[in-house]
Structure formats: structure tokens, C-alpha cells
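**Student:** Okay, handing you the structure first.
The values are calculated or read from the model by the stated rules, or taken from the named source; none is laboratory data. In this text the structure is predicted, and so the values were computed from the model without any measurement. Cβ coordinates were reconstructed from backbone atoms using ideal geometry, including for glycine residues, and neighbour counts include every protein chain displayed.
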Amino acid sequence: MEHQIKFIPPGKTIKVRPGSSVLHAAREARVFIATRCGGNAGCLMCKVEVVQGRESALTPPSDAERYKLGPLLEQGIRLACQARICGSAEVKLPEDPLKAAIRKQLEKQSADDELW
């Protein structure tokens, strides 16, 4: 039996085998999630946010995840390399830092333009 996982953005959905990591599923879907540690919970770069109500679609956090993420777990943040799929899941990917900086600059410029 396969499970589906949806990545937001870009809105891609892929079917994977139960027990696949979110990181592995992302790679299969050709969705980029940054990582430097090779999936060993060492770099904390692969943080994703589980869509509210879909938390049970992933296995409970590992000890490594609990140690690394601490209170972020309560906000639905998981490590893609550690979280395993056990149901139909949806995860939000963090915004690329460069795109975030550009978006903030454009929002500021737009707000400044409205003042004139």
C-alpha cells in the first residue's frame, strides 16, 4: 500500500511506500529540500512544517528530532530526513532565503508607493 505526500509549494503530490522519509519523497518528486548532513539530523536544514491536521500521517519524532527541534515540534516543524510517512501527508516547505529577501523588499516598496 502506498501513501501520498503533497509538498506546498510547489503543490506536487507523489505516492511513496510507507516508511519513506519526507526527504526521500521530496527527492523522488524532484522537490528541493536543502540538506548538508546526508539525512542524519545533523544540519537542521531540512525543516518542513506539517499541515495542521496531518500530523498523524508522519511517524512520531525520533529522539534525534526531539533533541534538535525541541519546542519547534509543537509548531508542527519536523526534519524531512527523520520524519517517516505513514499516511497521506502534506508539508509546507520553507521559503528560499533569497526569494524571501526579495519578497520583503518588494512588499516594502509597495507599501512606500501607497503612501505617495
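**Student:** Please count how many residues of segment 58-79 are assigned to a helix (DSSP H, G or I) and surrounded by 14 or more Cβ atoms within 10 Å (Cβ to Cβ).
**Tutor:** Count: 6.
**Student:** Looking only at segment 80-101, how many residues end up being surrounded by 19 or more Cβ atoms within 10 Å (Cβ to Cβ) and among the hydrophobic types (A, V, I, L, M, F, W, C)?
**Tutor:** Here the count works out to 7.
**Student:** A further question follows. Inside segment 30-57, can you point out the residues that are part of a loop (DSSP other than H, G, I, E, B) and closer than 14 Å to A89 by Cα?
**Tutor:** Across segment 30-57, the qualifying residues are V51, Q52, G53, R54.
**Student:** Within segment 15-28, can you find the residues that are among the aliphatic types (A, V, I, L, M) and either part of a helix (DSSP H, G or I) or surrounded by fewer than 18 Cβ atoms within 10 Å (Cβ to Cβ) (or both)?
**Tutor:** Across segment 15-28, the qualifying residues are V22, L23, A25, A26.
**Student:** Here's another thing I want to ask about it. Taking segment 36-74 only, how many residues are closer than 19 Å to K6 by Cα and within 14 Å of the chain's Cα centre (by Cα)?
**Tutor:** Selection size over segment 36-74: 11.
**Student:** When you go through V50, V31 one by one, which is the residue that is in contact (Cβ under 8 Å) with a residue 60 or more places away in the chain, in contact with a Lys or Arg (Cβ under 9 Å, 6 or more places away or on another chain) and of a type in the set (A, V, I, L, M)? Steps first, answer last, please.
**Tutor:** Numbers: V50 fails: in contact (Cβ under 8 Å) with a residue 60 or more places away in the chain.
From the options V50, V31, the qualifying one is V31.
**Student:** Which residues, taken from segment 80-116, are outside any loop (DSSP other than H, G, I, E, B), at pLDDT 85 or above and under 30 Å from P60 (Cα atoms)?
**Tutor:** Listed by number, the residues that qualify are R84, I85, A89, E90, V91, K92.
**Student:** Out of everything in segment 86-98 that is in contact (Cβ under 8 Å) with a residue 12 or more places away in the chain and among the hydrophobic types (A, V, I, L, M, F, W, C), what residue ends up being farthest from A26 (Cα to Cα)?
**Tutor:** Looking at residues that are in contact (Cβ under 8 Å) with a residue 12 or more places away in the chain and among the hydrophobic types (A, V, I, L, M, F, W, C), I get C86.
**Student:** Of these, A83, A101, which one is closer than 23 Å to A29 by Cα and of a type in the set (G, A, S)?
**Tutor:** From the options A83, A101, the qualifying one is A83.
**Student:** Then there is this: Kindly list, by first and then second residue, each pair from a residue in segment 53-68 that is at positive phi to a residue that is surrounded by 17 or more Cβ atoms within 10 Å (Cβ to Cβ), limited to pairs with Cβ atoms under 9 Å and residues at least 6 apart or on different chains.
**Tutor:** Pairs that qualify, where the first residue is at positive phi and the partner is surrounded by 17 or more Cβ atoms within 10 Å (Cβ to Cβ), are G53/E90.
**Student:** In addition: Which condition number in (1) loosely packed, with under 13 Cβ neighbours inside 10 Å; (2) at positive phi is the one that G39 fails?
**Tutor:** (1)
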